[in-house]
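Right, one structure below, let's go through it.
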Amino acid sequence: MTATPASDWASSLDRAREAVAAALPPTPLIPSPRLGEGVLLKLETFQPTGSFKVRGALAAVTMAGNPRGVVTASTGNHALGIAWAARRAGIPATAVVPATASPAKLTALRRYPVTVVVHGDRYEEAEQHARSLAHDGLCYLPASGPAVIAGQATVAVELLTQVSANLTVICPIGGGGLASGLGLAATRSGRMTIIGVEAAASPAMSAALRAGQVIPIHVRETLADGLAGNLEPAAITPGLIGDHVRSLLSVTEDQIAQAIGYLAGEHGMIVEGAGAVSVAAILAGLIPVTGPTVAIITGRNITTQVLCRALQKGAPATTLTGRKAPMTFELINPEGLPTPPTYTHVVVAAGGKTVFIAGQEPEDAHGNLIGPGDLAAQARQVFANLRRALAAAGAHPRQVTKITIYVVRHRPEYLPVIEEARADVFGDHKPADTLVGVETLAQPGYLIEVDAIAVIDS
């Protein structure tokens, strides 16, 4: 665990801040009063890759200079970030992933111009193979290297502008890049306290802190696949976390499932297990809420099947007799909509007849983009797809309670165009809506995406 001089960290943090600010708009910060007064959620799910890791990847690619190409190892989200950043920089990228990587992340990764190599069953095997590929001008970018850590610290930079008071920040810990970056920024600002949360099924960081060095652990299966795996032997993150993070907690699989269910039911959010552990710790009563407290929701890349399993595990339905019964889910892929692998358009929670409509893109039934460069044509397509998805679940547009609209590089003049397409489906019904400006969507040329939640009257 080689120490990096404070002056070097200061320079890296500043360079990362500039790189990220130039490419990514700040992510939303919203209240979650049921978790406690003053609790806020930092929604890194709104990043173009669906995860905070695009920050560190962007910083790492920027600071790498002009390599012939970059290579990395990842269980999914870091690779997505590298693919996005490399495409933006116009350089080739190779991502080595273990065979156990999330299918949702692999599907998303293959949308980018990146070479995907599946190697080994464990992250450590993928990481070793990725390092062996870094030759002849290829630059290896580790998931928790100094540049990546500096990039993850930009989450804290944004929080310091979004919250004026002193605050407690709760974040997931796997390899420790995010917690390390937040800790460095917290020490620099003097206004933040960092608490880390790991999955009890993969306690690599807490084991390293107890032992005073990185040691191998047995990793069990976990909903928080993004946090699973052993640390690299030369990892610098344990030392940074020991110096800059106040405490480290762990949550069980049941607690993670309950957090996924809470975020879906309370906020209409689809969140992966790793992204929900901060909320899991609050719900479990592991963190007393006193004053402004931010739970970082780090990612949304979860398959529908795993989401349903988590909701069934963590959110039992109550029958009219007061007894608890397992909640059941129906997965629907309507005719006329594209059905890529690991993707389901509609999830119906039968116990309460809540309908979750996944992000509808401007595609026809064969997955072809409609109206390249034409926002009006794409808006009509996504809302038409939304109507088709609702009908397949037996829901009417008037039963929609919330929609979220993602627009690439949103400008005020886009609003009438979007409103016209929305009115074609909803008429004068106005569900709660959130419009989010993003730098990019899943693929180049895609300008708008819409998801929704509906409640079917019994």
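Values in this text are rule-based calculations from the coordinates and carry no lab data. Everything quoted here is computed from the prediction, not taken from an experiment. Note that each Cβ is placed from the backbone with ideal geometry, even for glycine, and that neighbours are counted across all protein chains shown.
Of all beta bridges that DSSP places with both ends in the chain, some 40 percent have antiparallel geometry. Contact order, relative form, for region 54-144: 36 percent (alpha carbon pairs under 8 Å, 6 or more residues apart, mean separation divided by residue count). Couplings 3J(HN,Hα) for region 117-132, derived from phi with the Karplus relation 6.51 cos²θ - 1.76 cosθ + 1.60 (θ = phi - 60°), are 10, 8, 9, x, 9, 10, 4, 4, 5, 5, 5, 5, 5, 4, 4, 5 Hz, where x marks Gly and Pro.
May I ask you to list the trypsin sites (Lys or Arg not before Pro) in region 199-248 that are in a DSSP loop and have at most 15 other Cβ atoms within 10 Å of their Cβ?
Qualifying residues, ordered by number: R220, R246.
Of all segments of the chain bounded by GluC sites (Glu not before Pro) found in a DSSP loop with no more than 12 other C-beta atoms within 10 Å, the longest spans 38-220.
Counting Lys and Arg as +1 and Asp and Glu as -1 over every other residue whose Cβ lies under 12 Å from the Cβ of V97, the net charge comes to -1. List the pairs from K105/K353; K353/K402; K353/K430; K53/K353; K42/K353 whose alpha-carbon separation is above 26 Å, in the order I gave them. Listed pairs above 26 Å: K105/K353; K53/K353; K42/K353.
Remark on V96: its backbone amide H falls under 5 Å from those of T72, A73, S74, V117, a criterion applied only to residues 5 or more positions apart or on other chains, H modelled at 1.01 Å from N. From its DSSP helices (H runs of at least four residues, each -39,500 (n - 2.57)), the chain gives a residue-normalised ellipticity at 222 nm of -11500 deg cm²/dmol.
Entry note, the chain: relative contact order of 14 percent, from Cα contacts under 8 Å with a spacing of 6+ residues. Working ranking of peptides 91-97, 112-118, 297-303 by packing, defined as the average number of other Cβ atoms within 10 Å per residue, highest first, is 297-303, 91-97, 112-118. So how far, in whole Å, is the C-alpha centre of region 169-189 from the one of region 214-282? So the separation of the two Cα centres works out to 13 Å.
Per-residue extension of 0.36 nm, minus the Cα-Cα distance of N66 and T434, leaves a gain of 128.6 nm for this segment. Relative to the Cα centre, the charge distribution of the chain, modelled as +1 at Lys and Arg Cβ and -1 at Asp and Glu Cβ, gives a dipole magnitude of about 380 debye. Residues L13, L29, ranked from the fewest to the most other C-beta atoms within 10 Å, line up as L29, L13.
Given the C-alpha atoms of the chain, compute the convex hull and give its volume per residue in Å³.
About 141 Å³ per residue, rounded to a whole number.
Ignoring aspartates and glutamates fewer than eight residues from K313 along the same chain, the ones with Cα atoms less than 16 angstrom from its Cα are E221, E253, D254, E272, E330.
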